[in-house]
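The values are calculated or read from the model by the stated rules, or taken from the named source; none is laboratory data. As the structure is a computational prediction, the values presented were derived from the model and not from experiment. Cβ sites come from the backbone with ideal geometry, for glycine too, and all protein chains shown count toward neighbours. In case anyone asks, the SASA skips ligands and DNA or RNA and just uses the protein heavy atoms, side chains included. Shrake-Rupley method; radii C 1.70, N 1.55, O 1.52, S 1.80 Å.
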Amino acid sequence: MTGDEVIAALDLPATARVDRRVPKTLLLEHGAPTAADKRRINDGIEQIQWVAALKPTTIGVAAYRDEGREYLEIAVLRLAFRAAAKAPRLIELLHRAVPYPVLAVTELGDRLNLSLAHKRWSQGQAGKTVLDGDLVSAGVPRDGEPHGTAFAAALALGQQPRASLLALYQGWIDTVLALEAARRTGRFEMLPAPESRTARREALRDYARLEAEAARLRVVAAKEKQMARQVELNLELKRAEAAKTAALARL
């Protein structure tokens, strides 16, 4: 998929489209706490485009408020990164800088990424928002990659929950996680029950953690010279692999 195809797949109404270029100074003022981050923004971002503003008045989905957060709008942004960009850090800075929940489409060469992150009120600064939970991010399927067609169809606004902007945003997060699960299980499936979607999110976190742990153990075992310690590490690796297989079965 190209960036244009991802935006088209969202199937956003014309009333929500903004299609305006955003100056990098806004991100520098609100999303660059260190001098190094400012350099990353200046050196790494070619262009920021505000694609759409999803509000009750533009898409007919109600705002959401509770004690912890207020979702009055979802911003759809598209960023073009330069070749040497530190994409993971820039994506995090973007989500931290914008006070609204953001659906971000980022492009680095021919690689596309879709990212989202819930927000809540800061407990230390009145009126400020902070990230709530993990940043959810996945590479957009390339042409010919399995599940690309199903993923594009599931992205459409009309396929998402419409009870509130919070439910809509969570729906897009679950769509991205369905893609991540499909890349491990071989099947793309949008789970209907909230309990099932929560269980899949936990299984994905467990799988990623165990995958990293297994990789670490392989490196340590390969360098170990003592036979007894090698045996111990291999047993730890087997336990991690078994737990990873169990997490995969829960996806």
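Just one of the listed residues (A75, A62, A104, A53) is of a type in the set (G, A, S) and either more than 18 Å from T15 (Cβ to Cβ) or without any contact (Cβ under 8 Å) to a residue 24 or more places away in the chain (or both), and it is A104.
Among the residues of the range 74-105, write down those that are within 23 Å of A35 (Cβ to Cβ) and open to solvent by less than 10 Å² (accessible area, probe 1.4 Å). Those that are within 23 Å of A35 (Cβ to Cβ) and open to solvent by less than 10 Å² (accessible area, probe 1.4 Å): L79, L90, L93, L94, H95. Scanning the range 190-245 for residues that are closer than 28 Å to F151 by Cβ, open to solvent by less than 90 Å² (accessible area, probe 1.4 Å) and of a type in the set (K, R) yields R197, R200, R201, K244.
Conditions tested, residue by residue: (1) on the phi > 0 side of the Ramachandran plot; (2) at pLDDT below 95; (3) open to solvent by 40 Å² or more (accessible area, probe 1.4 Å).
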{"site": "P141", "(1), (2), (3)": "no, yes, no"}
{"site": "E145", "(1), (2), (3)": "no, yes, yes"}
{"site": "A153", "(1), (2), (3)": "no, no, yes"}
{"site": "A156", "(1), (2), (3)": "no, no, no"}
{"site": "A163", "(1), (2), (3)": "no, no, yes"}
{"site": "L168", "(1), (2), (3)": "no, no, no"}
{"site": "I173", "(1), (2), (3)": "no, no, no"}
{"site": "V176", "(1), (2), (3)": "no, no, no"}
{"site": "L179", "(1), (2), (3)": "no, no, no"}
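Which residues, counting only those in the range 104-118, are part of a strand (DSSP E or B) and not β-branched (V, I, T)? A104, E107, L108, R111, L112, N113, L114, S115, L116, listed by residue number. Tally time: how many residues in the range 128-180 are over 21 Å from P88 (Cβ atoms), of a type in the set (G, A, S) and in contact with a helix residue (DSSP H, G or I) (Cβ under 6 Å, 6 or more places away or on another chain)? Summing the residues that are over 21 Å from P88 (Cβ atoms), of a type in the set (G, A, S) and in contact with a helix residue (DSSP H, G or I) (Cβ under 6 Å, 6 or more places away or on another chain) in the range 128-180 gives 2.
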